[in-house]
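Asker: Okay, here's the structure, questions in a sec.
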Amino acid sequence: MTKIVIENAYIAPVVGEEIPSGYLIIDNGRIEALGAGPAPTVVGAERISGTGCLVTPGLVNTHHHLYQWATQGLYQDSTLFEWLTGLYRTWAAMDADVVYGAATAGLGWLALTGCTTSSDHHYVFPKGRGDLFEAEVRAAQEIGLRFHPCRGSMDRGQSQGGLPPDEVVEDRDEILSSTAEIIDRYHDASFDSMLRVAVAPCSPFSVSEGLMLDAATLARTKGVRLHTHLAETLDEEVHCREQLGLSPVEYMEKLGWLGDDVWFAHAVHLHDADITRFAETGTGSAHCPSSNARLGAGIARVSELLAAGAPVGLGVDGAASSELTSMAGEMRQAMLFQRAVHGPTALTARQALEMGTLGGARNLGRHNEIGSLEPGKLADIAIWRVDGFRAAVQDPVCALVFGPTPPLARLLVGGRTVVANDELRTLPHDMVGQAGVLARKRLLRQESR
Ligand SMILES: [Zn+2]
């Protein structure tokens, strides 16, 4: 791969001092150097002008359900449990083609809003509908994002006291053997890895205690990470207390599900002791402010988690509860929500940027490889246009985080261009959007059969 030089840019590396006018050199997919002033001459390098641009690490999305791109705009005014109960039967009609189309559009949208690494949490596997996991992996490979898909699962249907109908849950042994097979087939632990798998039973109200325990054993045997939804709503707190006699975090602790190889989606309703335990154990959380607000779930105690030293990243969550959510926009939402509750010093623009980059990388166990611009790290880089109207904002990082998502001059993943001038370059831009529309049509047609 040729060398690339980004020059004359405002660089916010997240770790280390910001560089108001500087350069960054990429060699073979990794950051070779960055510094202030004019770029040195690099023979044969591609030169990218950073004039009027802010350079940041690519954003890291740590919670998503890509298949939900096909069910946006439904149950617009429902609580989480109403919304889930309404959608389970629609999701039961999905097949590999629906997942591929939805994932293609969902990942394309993430790229266009500055994301270079995304997790996904897929937990609905109706029988006889093709290889759903392969479909989303293929979509990520074609769009060109670094991908951390989680093999999700549900084994506790309504007949077992769970929330989902029995037709969308799977057998525990089948889940475990399928998950092990997926890890063996796809998981790549290397430094430059484009694909790492995590183990992710869905939630305390849709998964048995036995599966939670077996999932943790499997993940730790294979050396992969653990993910699940936790403490998203007060309904969940009530459910856990009634059925288990514990709070959601107490339940996780009992199951051995706290640790630096675990990150939870949401973690909205935490008690003071939970925050302390997250910090002590290095347990991460994926803050999804737009989704939490859309479902009226509440506002996570992010500034308190950060103050305690717990890892916190951001997530857009599935598009059915967070329509067309911009990855960069979640930095703004996170910052504004904390300030609305705790005052204007609760979360700074730089802290929000760090959550969207290095915080997410910590959730995924990749803080040594991505999440900041440092020599030796992977060249996952967003180059934002902060000229024009945005130049009136004195501080480029403020323009990025306080304002709406800026246009992207470039998005690089391992030095490869995925977006240029706000257009996808790995697949035809318009086709990617259309793939999401076709996925929705196909799903609704199959549901009505
Ligand atoms: Zn979720």
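Asker: In segment 326-353, which residue that is assigned to a loop (DSSP other than H, G, I, E, B) and of a type in the set (S, T, N, Q) is farthest from Glu304 (Cα to Cα)?
Answerer: Ranking the qualifying residues of segment 326-353, first place goes to Ser326.
Asker: If you check every pair at least six apart or on different chains, which have Cβ atoms under 7 Å apart with a residue in segment 317-328 that is at positive phi first and a residue that is modelled with pLDDT under 95 and within 10 Å of the ligand (Cβ to nearest atom) second?
Answerer: Short answer, once both residue conditions are applied: none.
Asker: I would also like to ask the following. Is at least one residue of segment 44-53 outside any loop (DSSP other than H, G, I, E, B), touching a helix residue (DSSP H, G or I) at 6+ places or on another chain (Cβ under 9 Å) and surrounded by 22 or more Cβ atoms within 10 Å (Cβ to Cβ)?
Answerer: There is at least one residue in segment 44-53 that is outside any loop (DSSP other than H, G, I, E, B), touching a helix residue (DSSP H, G or I) at 6+ places or on another chain (Cβ under 9 Å) and surrounded by 22 or more Cβ atoms within 10 Å (Cβ to Cβ).
Asker: Within segment 198-226, how many residues turn out to be aliphatic (A, V, I, L, M), over 18 Å from Gly318 (Cα atoms) and either within 16 Å of the ligand (Cβ to nearest atom) or touching a His at 6+ places or on another chain (Cβ under 8 Å) (or both)?
Answerer: Number of matching residues: 3.
Asker: Looking for whichever is within 12 Å of the ligand (Cβ to nearest atom) and over 30 Å from Val55 (Cα atoms) here; the options are Ala286, Ala297, Ala319. Which one fits?
Answerer: Ala297
Asker: Going through segment 377-406 one residue at a time, which ones are touching a strand residue (DSSP E or B) at 6+ places or on another chain (Cβ under 7 Å), farther than 22 Å from Gly144 by Cβ and not in a helix (DSSP H, G or I)?
Answerer: Selection gives Val386 alone.
Asker: A follow-up question, please. For segment 131-170, which residues satisfy the criterion of being among the acidic types (Asp, Glu), out of contact with any Lys or Arg (no Cβ under 7 Å at 6 or more places or on another chain) and modelled with pLDDT of 95 or more?
Answerer: Those that are among the acidic types (Asp, Glu), out of contact with any Lys or Arg (no Cβ under 7 Å at 6 or more places or on another chain) and modelled with pLDDT of 95 or more: Asp131, Glu134, Glu136, Glu142, Glu170.
Asker: Specify the residue that is nearest to Thr221 (Cα to Cα); the eligible residues are those in segment 254-267 that are within 16 Å of the ligand (Cβ to nearest atom) and among the aromatic types (Phe, Trp, Tyr).
Answerer: Step by step, filter segment 254-267, then rank; the result is Trp263.
Asker: So in segment 227-253, with the set limited to residues that are of a type in the set (A, V, I, L, M) and crowded, with 24+ Cβ neighbours inside 10 Å, which one is nearest to the ligand (Cβ to nearest atom)?
Answerer: The selected residue is Leu230.
Asker: Among the numbered criteria (1) touching a residue at least 12 places away in the same chain (Cβ under 8 Å); (2) out of contact with any strand residue (DSSP E or B) (no Cβ under 6 Å at 6 or more places or on another chain); (3) not hydrophobic (A, V, I, L, M, F, W, C), which one does Ser159 miss?
Answerer: (1)
Asker: Kindly indicate whether Ser303 is polar (S, T, N, Q), modelled with pLDDT of 95 or more, within 14 Å of the ligand (Cβ to nearest atom) and touching a helix residue (DSSP H, G or I) at 6+ places or on another chain (Cβ under 6 Å).
Answerer: No: the conditions fail for Ser303.
Asker: Of the residues Met327, Met355, which is touching a His at 6+ places or on another chain (Cβ under 8 Å) and crowded, with 24+ Cβ neighbours inside 10 Å?
Answerer: Selected residue: Met355, the only one of Met327, Met355 that is touching a His at 6+ places or on another chain (Cβ under 8 Å) and crowded, with 24+ Cβ neighbours inside 10 Å.
Asker: Do you know which of the residues in segment 206-223 that are surrounded by 22 or more Cβ atoms within 10 Å (Cβ to Cβ) and in a loop (DSSP other than H, G, I, E, B) is modelled with the highest pLDDT?
Answerer: Val207
Asker: Is it the case that Pro40 is away from the ligand (no atom under 16 Å from the Cβ), touching a residue at least 12 places away in the same chain (Cβ under 8 Å) and surrounded by fewer than 16 Cβ atoms within 10 Å (Cβ to Cβ)?
Answerer: Here the answer is yes, as Pro40 does meet what is asked.
Asker: A further question on this structure: Restricting to helices (runs of 4 or more DSSP H) lying wholly in segment 248-317: which have 3 or more residues that are over 17 Å from the mean Cα position of the chain (by Cα)?
Answerer: Counting at least 3 such residues, we get 248-254, 272-281, 302-308.
Asker: While we're on this one: Go through segment 102-123 and give me each residue that's outside any helix (DSSP H, G or I) and out of contact with any strand residue (DSSP E or B) (no Cβ under 6 Å at 6 or more places or on another chain).
Answerer: Passing the criteria: only Thr113.
The values are calculated or read from the model by the stated rules, or taken from the named source; none is laboratory data. Source: prediction; values computed, not measured. For neighbour counting, all protein chains shown are included, and Cβ atoms are generated from backbone atoms with ideal geometry for every residue, glycine included.
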